[in-house]
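Have a look at the structure below, then the notes.
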Amino acid sequence: MRTPRGADRNLFAQRRAHHHTKKQRMKPGLRLQILLLLGGLMVLSFVPLFVAVATYTRVTLSQLRIESARSLGRAVAGHVLEARARRTPDELRSLLDAEIGAHGVDAIGVYATDGKPTLRVGDPMLVDALGQPIDVNREALFEMQGSHGRAIAVAVPDARGLVVAVVRADDISSRATPLVRLVGLYTGVGALALLVAAYFALTRLIVRPLDTITRGAQRVADGARKLEVPSSGVRELVELGHSLRTMTDALVAEEEALRHKVDEVEAATKRLAEAQDRLVRSERLASVGRLAAGLAHEIGNPIAALMGMQDLLLEGGLSEAEQQDFLKRMQRETERIHRILRDLLQFARPGAPQDSADDSDGNVETAIYDTVALVSPQSALKDVELAVDVHPELPEVTLSREHLVQVVLNLVLNAADACADKKGERITLSAAPHDSGVRIVVEDDGPGVPETVRGKLFEPFVTTKEVGKGTGLGLAVCRGLIEAAGGSIQLDEAHPGGARFVIDLPAS
Ligand code: ADP
């Protein structure tokens, strides 16, 4: 009994597991999700940080460079102004030539008070650009494009005009690069370290306890009685584990109680079936008693005759022919008694091996003639005609022969009782095919079923007979047997005159 239940459970678990894996395949796991989320967060927070730091570094460096270019330019301009006062133009040119290249100075231009250039040395591209007249009244700082790249020009005015010193500025980015790289490396390593730390922390706090709960639940589904719960992790998950365990315990206890109840119900059902079996058997024995009582005459008379003939034979003086005649009659009588007793015994001993292995099981015709053999010696039927009408081609039915005989016998004995009381004359027993099964009808022309019992005829202990004659179980047992075989039994209420019982049995 446990096996199918267990199998069901396994099937259920398998189906659930299947469902589970399908879902798992569709969705990325928590670990991957956490990793992606953390990665996204790190990128979102550290990339702007890196960009900000790198930009700040570049800007600061570029300002520093401009600042230093400005001071360098001023220094050069000051130097030139000083020389301009005391040297000849040729001397000044060679002095300026000497300045080019030193400290990153790429070109120098000297201007008169009207803003026109008087002397230009250095990078030809820059010298070209310095060819324009210049506003000599104020100090200025501007960018220029030299042959080596970007350059910063510093214009410093004085009483005789203006000096422009052009300083290289293109190495700012190359100077900044290592620093920016360092910043990048630090932010990258920092982000990675944070990511790893956060990942492990979250895994320990959330993913592992969840895994424990999932595994535990799977084990319970596979038949474990206790849910394994996580001992560490975030408080909510530990609490969830405990709640689930409480729930599982309750469910397991309930299942146990249910199983216990089912076992009890099964035992009760078994007892009930046994009681029904006993009822059927005792009803059969009651019929045997009724039959035996009805046989008193049928057996008593031949025995008296036998004894008379026996006496005559013993006295002697009979002719050979007379003796032969007596012996033959005695043989007939003995055989008759033997046959009656054999039929009765066979009916009284249900389920005997030769009966149950009988291939006439479910054969209505055989059962009806067996019943007729049992009832015909009954004294109650001496004054009643028993008409039998059995269709020659009946299908076999779902009721065993033994039970068929019990049912038909009961109806015929009831009919005989009714006829004997009120002088009925005829009992008709018929069987014919009906609705792919067999219909058996037992009909008598007695007084009919009394009004008082009509509505509850098939209930147990309903009888109009005096104590000792009827138990009120006959029709109840008949209905039990017939309905168990999928058939029905009814009293034909519309039938005028005596009682008419109709049995429908499905073909087997
Ligand atoms: P029992 O025969 O022991 O009384 P049954 O259940 O066989 O129990 O019958 C119940 C009652 O139905 C009988 O007491 C009788 O009153 C009525 N009954 C059954 N068959 C007939 C019949 N053929 N004619 C009239 N009454 C009947």
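Quick check: anything in the range 411-422 of a type outside the set (Gly, Ala, Ser) and open to solvent by 60 Å² or more (accessible area, probe 1.4 Å)?
First, the residues of the range 411-422 that are of a type outside the set (Gly, Ala, Ser): 411-414, 417, 419, 421-422.
Retained after the next criterion (residues that are open to solvent by 60 Å² or more (accessible area, probe 1.4 Å)): 421-422.
Among the residues of the range 411-422, at least one is of a type outside the set (Gly, Ala, Ser) and open to solvent by 60 Å² or more (accessible area, probe 1.4 Å), which makes the answer yes.
Tell me, which helices (runs of 4 or more DSSP H) lie completely within the range 390-508 with 2 or more residues that are basic (Lys, Arg)? I'd like the intermediate steps shown before the answer.
Details: elements: 401-422, 451-454, 474-484.
Result: 401-422.
Looking only at the range 313-329, which residues are of a type in the set (A, V, I, L, M, F, W, C) and at pLDDT below 90? Write out each step before concluding.
First, the residues of the range 313-329 that are of a type in the set (A, V, I, L, M, F, W, C): 313-314, 318, 321, 326-327.
Leu318, the sole residue that qualifies.
Out of the residues in the range 48-74 that are without any contact (Cβ under 8 Å) to a residue 60 or more places away in the chain and among the β-branched types (Val, Ile, Thr), which is least open to solvent (accessible area, probe 1.4 Å)?
My answer is Thr60.
Can you spot a residue in the range 283-305 that is open to solvent by less than 60 Å² (accessible area, probe 1.4 Å), not in a helix (DSSP H, G or I) and not hydroxyl-bearing (Ser, Thr, Tyr)?
no
If I go through the range 204-248 residue by residue, how many of them are in a loop (DSSP other than H, G, I, E, B) and among the β-branched types (Val, Ile, Thr)?
Just the residues of the range 204-248 that are in a loop (DSSP other than H, G, I, E, B), to begin with: 222-234.
After this cut, where a residue has to be among the β-branched types (Val, Ile, Thr) as well, the list is 229, 234.
Residues meeting the conditions: 2.
Could you please tell me which pairs satisfy a Cβ distance under 9 Å, a separation of 6+ or placement on different chains, a first residue in the range 25-43 that is outside any helix (DSSP H, G or I), and a second residue that is surrounded by 11 or more Cβ atoms within 10 Å (Cβ to Cβ) and modelled with pLDDT of 85 or more?
If the second residue must be surrounded by 11 or more Cβ atoms within 10 Å (Cβ to Cβ) and modelled with pLDDT of 85 or more, the pairs left are Lys27/Gln33; Pro28/Leu36; Gly29/Val207.
I need every pair where a residue in the range 433-452 that is at pLDDT 95 or above has its Cβ under 6 Å from the Cβ of a residue that is within 16 Å of the ligand (Cβ to nearest atom) and aromatic (Phe, Trp, Tyr), sequence separation at least 6 or different chains.
Close Cβ pairs satisfying both conditions: Val442/Phe501.
If the requirement is being more than 48 Å from the chain's Cα centre (by Cα) and either more than 10 Å from the ligand (Cβ to nearest atom) or under 22 Å from Thr366 (Cα atoms) (or both), which of these qualifies: Gly486, Gly455, Gly470, Gly448? Before you say what the answer is, go through the steps one by one.
Details: Gly486 fails: more than 48 Å from the chain's Cα centre (by Cα); Gly470 fails: either more than 10 Å from the ligand (Cβ to nearest atom) or under 22 Å from Thr366 (Cα atoms) (or both); Gly448 fails: either more than 10 Å from the ligand (Cβ to nearest atom) or under 22 Å from Thr366 (Cα atoms) (or both).
Only one candidate passes the filter, namely Gly455.
Does the range 141-148 contain at least one residue that is surrounded by fewer than 15 Cβ atoms within 10 Å (Cβ to Cβ), touching a helix residue (DSSP H, G or I) at 6+ places or on another chain (Cβ under 8 Å) and under 13 Å from Ala69 (Cβ atoms)? Reasoning before the result, please.
If we filter the range 141-148 for residues that are surrounded by fewer than 15 Cβ atoms within 10 Å (Cβ to Cβ), which is where we start, we get 141-143, 145, 147.
Imposing the further condition that a residue be touching a helix residue (DSSP H, G or I) at 6+ places or on another chain (Cβ under 8 Å) reduces the set to 141, 145, 147.
Next, from what is left, pick out any that are under 13 Å from Ala69 (Cβ atoms): 141.
The answer is yes, given that some residue of the range 141-148 is surrounded by fewer than 15 Cβ atoms within 10 Å (Cβ to Cβ), touching a helix residue (DSSP H, G or I) at 6+ places or on another chain (Cβ under 8 Å) and under 13 Å from Ala69 (Cβ atoms).
Only one of (1) under 19 Å from Ala387 (Cα atoms); (2) surrounded by fewer than 23 Cβ atoms within 10 Å (Cβ to Cβ); (3) away from the ligand (no atom under 11 Å from the Cβ) fails for Leu404. Which number is that?
Just one mismatch for Leu404, condition (2).
List the pairs whose first member sits in the range 469-480 and is at positive phi, whose second member is open to solvent by 40 Å² or more (accessible area, probe 1.4 Å), and whose Cβ atoms are under 9 Å apart, counting only residues at least 6 apart or on separate chains?
Gly472/Glu459; Gly472/Pro460; Gly472/Phe461; Gly472/Thr463; Gly472/Thr464; Gly472/Lys465
Under 47 Å from the mean Cα position of the chain (by Cα), modelled with pLDDT under 95, over 19 Å from Leu291 (Cβ atoms) and within 8 Å of the ligand (Cβ to nearest atom): does that describe Ala476? Show your work before the answer.
Values: under 47 Å from the mean Cα position of the chain (by Cα): yes; modelled with pLDDT under 95: yes; over 19 Å from Leu291 (Cβ atoms): yes; within 8 Å of the ligand (Cβ to nearest atom): yes.
In short, yes.
Confirm whether Arg208 is modelled with pLDDT of 90 or more and surrounded by fewer than 14 Cβ atoms within 10 Å (Cβ to Cβ).
no
How many residues, within the range 252-280, are in contact with a helix residue (DSSP H, G or I) (Cβ under 9 Å, 6 or more places away or on another chain) and open to solvent by less than 100 Å² (accessible area, probe 1.4 Å)?
5
The values are calculated or read from the model by the stated rules, or taken from the named source; none is laboratory data. Because the structure is predicted, anything quoted here is derived from the model rather than measured. Methodologically, a virtual Cβ is constructed for each residue, glycine included, from the backbone with ideal geometry; neighbour enumeration extends over all protein chains shown. Protein only, heavy atoms only, side chains kept; ligands, DNA and RNA dropped before computing areas. Shrake-Rupley method; radii C 1.70, N 1.55, O 1.52, S 1.80 Å.
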